[in-house]
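These notes concern the structure reproduced below.
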Amino acid sequence: MYIMRELQGAIIIASLFQSVLGFSGLMSLLLRLMNPVVVAPTVCAVGLAFFSYGFPQAGSCIEISIPQILLLLFFTLYIRGISISGHRIFQIYAVPLSIVIVWTYAVFLTVGGAYNFKGCSSNIPSSNILVDACIKHAYTMKHCRTDVSNAWEASYWFRFPYPLQWGIPIFRFRTSMIMIIVSLVSSADSIGTYYAASLRVNLKPPTPGIVTRGIGVEGFCSLLAGLWGTGTGSTTLTENVHTISITGAANRRAVQFGAVLLILLSFIGKVGGILASIPVALAASVLCFIWALTVALGLLNLQYTQASSFRNMGIVGASLFLGLSVPAYVQQFQPEISLILPGYLIPYAAASSGPVRSANSQLDFAINGLLSMNMVVTFLIALVLDNTVPGSQHERGAYKWSTSEDLASDEASQATYRLPSGVARVCCWARCLGV
């Protein structure tokens, strides 16, 4: 409960910082510093940061994970062009279709007794198993069975989340500083996504004002997430650029309908209970594909630069390598108890015992925590190098943002970027937001 309250406080502080950065127009100044050479390795690092969690978790139950990975690759690469009733089902629905198939297969394995071991119960945590014969099977049962979670029995049919459900948020310098820097990394990721998405739908790139408006809205949504105690902030999902490409759907109303549907489903606790029955290995194998796609989409940002330039190759290579190597060094100082933690929690364990030691323990925690995050180290190194190493604008591939005059001559782009009339009236004072 305490951790959730401290996490809430950090998210609220970071979201306020991001909102001010966006709605004040200050983000338009930072746009000059965040070019494709900075965004590309940063987005790549977001995907590569979880490589130690991907197949190590998926490999815990290869009879489930291998079929899942093979199905995903088969659907998306080999038969993506096959149409059924005029729809490319395997290309558009590759992820959900493969999950349903393998999930059903996993249910049959569980019900059929493939993971039943004499005298062993899947409902007993592995730390409480005293029988030596069951200890060696505990890992398999945890990662392969579809009935190890008691979320279905414990969840309510209907539950309405409310603000501050974990209690009054706790604001601490150490976690707030980490979240503020992470919000900057998230903003850099969003900038590249905005630009790529506009080109995918044949629109002129947004103006700096529209970009800052988007960053401000992300901060506002993160503020709501912090108040409701979700444990995570809100950001633009890079993979949606790929979704736009394969589905051809980039309609605002489709996104609104999906958002309303997800909000309604969030009130039904049993939906989460069903999703919790997905085996860990199955979820990890899907993420192997999603994170790999994130890495590829990050590298696509280099198409706006002179990718063969030694300057750019050096910056991208150095930032990516050090972005993986420096956190690996910092995580060597983690306490032994963190060895039982999942890979995505290791940076937080390393933050309390990293190599940076000074008189201020709060500052030490923040610096060690930041240095243990791959995307943060990659972003900072790329940002400094790209803005200090000499290079022409053409070589750096600076994003070419539109002006108000450009949009005025393009009715399609102007209509797409225009705010709804009600929102526009409320925000009429914010000239810097391009409303």
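The values are calculated or read from the model by the stated rules, or taken from the named source; none is laboratory data. Small disclaimer: the values here were computed from a predicted structure and weren't measured. Heads up, the Cβs are rebuilt from the backbone with ideal geometry, glycines too, and the neighbour counts pull from every protein chain shown. These accessible areas exclude ligands, DNA and RNA; they are computed on the full protein's heavy atoms, side chains included. Shrake-Rupley method; radii C 1.70, N 1.55, O 1.52, S 1.80 Å.
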- Query: Shape of the range 1-65 from its Cα gyration tensor (a ≥ b ≥ c, root eigenvalues): rounded if a/c is under 1.5, otherwise prolate when a/b > b/c, or oblate?
  - Reply: oblate
- Largest-first ranking of Met179, Met141 by accessible area, probe 1.4 Å, whole protein assembly kept, is Met179, Met141
- Task: Order Ser325, Ser176, Ser421, most accessible first, counting only protein heavy atoms with a 1.4 angstrom probe.
- Result: Ser421, Ser325, Ser176
- Note on the structure: Subtracting the Cα-Cα distance of Ala254 and Ala307 from 0.36 nm times their residue separation yields 15.5 nm
- To two decimal places, what compactness ratio does the range 179-323 give when its Cα radius of gyration is scaled by 2.2 N^0.38 Å? 1.21
- Which aspartates and glutamates have a Cα lying under 18 Å from the Cα of Lys400, excluding residues fewer than 8 positions away in the same chain? Asp189, Asp386, Asp410
- What FRET efficiency would be calculated for the residue pair Glu63, Arg200, taking the C-beta separation as r and a Förster radius of 30 Å, to the nearest 0.05? 0.20
- Using only the Cα atoms, what convex hull volume per residue in Å³ does the chain have? 180 Å³
- Message: Given a 1.4 angstrom probe, I'd like the percentage of the accessible area of the chain that is carbon and sulfur, rounded to a whole number.
- Response: 68 percent
- Item | Residue-normalised accessible area of the range 20-71, given per residue in Å² at a 1.4 Å probe | 37 Å²
- Item | Separation between Cα centres of the range 19-52 and the range 159-176, rounded to whole Å | 26 Å
- Task: Mind checking which aspartates and glutamates have their Cα closer than 15 Å to the Cα of Lys142? Skip sequence neighbours fewer than 8 apart in that chain.
- Result: Glu63
- Mean residue ellipticity (222 nm) of the chain, computed from DSSP H runs ≥ 4 via -39,500 (n - 2.57), nearest 500: -19000 deg cm²/dmol
- Query: How much length is gained on full extension from Glu153 to Ser245, taking 0.36 nm per residue of separation minus their Cα-Cα distance?
  - Reply: 29.2 nm
- For the range 182-246 and the range 262-313, compute the distance between their C-alpha centroids and round to whole Å. 15 Å
- Query: Helix hunt in the chain: which complete DSSP H runs extend at least 27 Å axially by C-alpha with mean Kyte-Doolittle at least 1.0?
  - Reply: 2-23, 208-228, 280-299, 310-330
- Whichever aspartates and glutamates have a C-alpha closer than 20 Å to that of Lys270, once near sequence neighbours (fewer than 8 apart) are set aside: Asp147, Glu153
